[in-house]
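Undergrad: Quick one: this structure, given as C-alpha cells, is what I'll be asking you about.
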Amino acid sequence: MPDISELLTIETEQFSVQKLLETEIGGFSLGNLLAASVILLISLVVIKLLTKAVRRALERSKLERAIRSFILSCVRVLLWVLVALIIADKLSIPSASLVAVLSVAGLAFSLSLQNTLSNVFAGFTLLMTRPFSSGDFVELGATTGTVISSGLFYVTLVTPDRKEIHIPNSDAAASRITNYSTEPTRRVDLAFGLEYSCDAESVRRALLDAAAADARVLTEPAPSVVVSAYQASSVEYTLRVWTTNAEYWNVYFALNENCRTELEKNGLSMAFDRLDVRILDNK
C-alpha cells in the first residue's frame, strides 16, 4: 500500500499535467491544440488513403482524364473542409463563424479568379457533353483545326497550316461548334466564275471530267455541278464532290488546279471583274 508521500507526489504530477494542458496559447488551451494536431495528422493519412481509393475507382471508369482530375480535386477540397470543421469544433470555434469566414474567402477567391473559374466550368461542360474528341476536325467560331487536347482551361487545335491555337473553354463553349469528323465523309464545294458566253453544259461536263479523274473523289454520292449565282461579270458554277475526311484538303487543292486545266482545255474562259468606262462628249 503506497504511503501518503507517494500519493501526494502522484496527485501533484497529475495536477501539473492538467495545469500544463490548460495553458492557453493564442487563446486556445494546449490540450485542445495537441488534440487538433493529432486530428490533423490522422486526417493526412486518411485523406491520402481515400483519395488513392477514389483515384483507382476513377481510373477504372471511362471518364475523360480531365474529368477524373476535376472530381478528384473536388473530393480533396470537401475532405479538407470537413477536417477544418472538426478541428474548429475541437478548438471551440463556432462552426457558423468558420462557415462565414470560408464563404467570404470563397467569394473573394471566386472574384479574383472569375475568368479562370468560368473556363473550368465551361471545360467541365464540354467534357460532359463531348461535342468533340481528340483527333476530330472542328470549327470553333472562326477557328478551324484538329483537336489535340481538351482540358479544364482551354481547347488546343492545330490548324491545317500547322499552327497550334489555344482557345479558352469559355469562348469555345459560347461559340458555334461544327464537328466535321462525326461522319466519315465530307463534301468539297468549289466555285468557278465563267464568262456569260460559255455554254453551261460544256462547263458542267468539264468540271465533272476533272472530278472523275481524281480517284479520291467518291462516286456515291455522285459529283454534281450547279449554277450557284449570277455575278456582274460572270456566271458562278459550283462543283460538289464527296471525299473522306482524311483526303479533304488534298482533294480541295488538287481539284482547284485540275478544274482550271480542264476548263482551259475545252476553251472555257474564267471571267474576271470588268469595268466599262464611257466618256460622254457634252459639246
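The values are calculated or read from the model by the stated rules, or taken from the named source; none is laboratory data. Because the structure is predicted, anything quoted here is derived from the model rather than measured. Counting neighbours? That spans all protein chains shown, and the Cβs are built from the backbone with ideal geometry, glycine included.
Undergrad: Of the residues ARG68, ARG55, which single one is in contact with a Leu (Cβ under 9 Å, 6 or more places away or on another chain) and modelled with pLDDT of 85 or more?
TA: Values: ARG68 fails: modelled with pLDDT of 85 or more.
Of ARG68, ARG55, the one residue that is in contact with a Leu (Cβ under 9 Å, 6 or more places away or on another chain) and modelled with pLDDT of 85 or more is ARG55.
Undergrad: Need a quick list: strands (runs of 3 or more DSSP E) entirely within region 170-246 having at least 2 residues that are in contact (Cβ under 8 Å) with a residue 24 or more places away in the chain and under 30 Å from SER150 (Cβ atoms).
TA: So the answer is 177-179, 185-194, 235-244.
Undergrad: How many residues does region 228-252 contain that are at pLDDT 95 or above, over 23 Å from SER181 (Cα atoms) and among the hydrophobic types (A, V, I, L, M, F, W, C)?
TA: Of the residues in region 228-252, 0 are at pLDDT 95 or above, over 23 Å from SER181 (Cα atoms) and among the hydrophobic types (A, V, I, L, M, F, W, C).
Undergrad: Turning to a different aspect of this structure: Restrict the check to region 20-42 and report whether at least one residue is assigned to a loop (DSSP other than H, G, I, E, B), among the acidic types (Asp, Glu) and modelled with pLDDT under 80.
TA: Yes: one or more hits.
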